[in-house]
1. Once amide H atoms are built 1.01 Å from N in the peptide plane, which residues 5 or more positions from Met4, or in another chain, come under 5 Å H to H?
2. Helix-only estimate, please: 222 nm mean residue ellipticity of the chain, summing -39500 (n - 2.57) across DSSP H runs of length 4 or more and dividing by its residues, to the nearest 500.
3. Below 8 Å, C-alpha to C-alpha, sequence gap of six or more: please give me the relative contact order for the chain in percent.
4. List the residues whose amide H sits under 5 Å from the amide H of Thr70, counting only those 5 or more places along or on another chain, with H placed 1.01 Å from N in the peptide plane.
5. For the range 1-63 and the range 65-85, what is the centre-to-centre distance using only Cα atoms, to the nearest Å?
6. Please list the radius of gyration and Dmax for the chain, considering alpha-carbon atoms only, with Å as the unit.
7. So, R0 is 25 Å and r is the distance between the beta-carbons of Glu22 and Ile58; what FRET efficiency does that work out to, to 0.05?
Amino acid sequence: MKLMTCPINGSRPISEFFYGGELRSMPDPNMVTDEVWADYVFHRNNAPGIKCEWWCHIPSNSWFIAERNTLTDEIIHTYLWGEVV
């Protein structure tokens with residue numbers, strides 16, 4: 001069984017988690033052009049490698065960041081938003 005470590009609830013089965021997408025800086029919606037906003041909303045890099053991603057522990061609704069190698073599916077590190085890594 002694959003496990004993921006929730007920063008709040010500890011090691012849990014991966015079935016208790018929901019993938020929320022890659023962590024990316026959002027452009028200011030009040031200052032950005034339509035083209036840049038469309039690129040942010042619709043386009044992803046999708047290149048294999050180490051990515052920072054949003055994940056949610058469903059039973060506790062705890063959102064956190066997971067650093068994951070998308071090529072090997074190895075979870076390297078998990079932490080709460082705003083924590084120093």
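Read-outs throughout are calculated quantities, based only on the coordinates presented, and are distinct from any laboratory measurement. This structure is a prediction, so every number in the text was calculated from the model and none was measured. Using ideal geometry, Cβ is built from the backbone for each residue, glycine included, and neighbour counts are taken over all protein chains shown.
1. Arg12, Ile14
2. Helix contribution divided over all residues of the chain: -3000 deg cm²/dmol.
3. Dividing the mean separation by the residue count of the chain yields 27 percent.
4. Those lying under 5 Å, H to H, from Thr70 are Gly49, Ile50, Lys51.
5. Centre-to-centre distance over Cα atoms comes out at 10 Å.
6. Both quantities, over Cα of the chain: 14.6, 46 Å.
7. Approximately 0.85, to the nearest 0.05.
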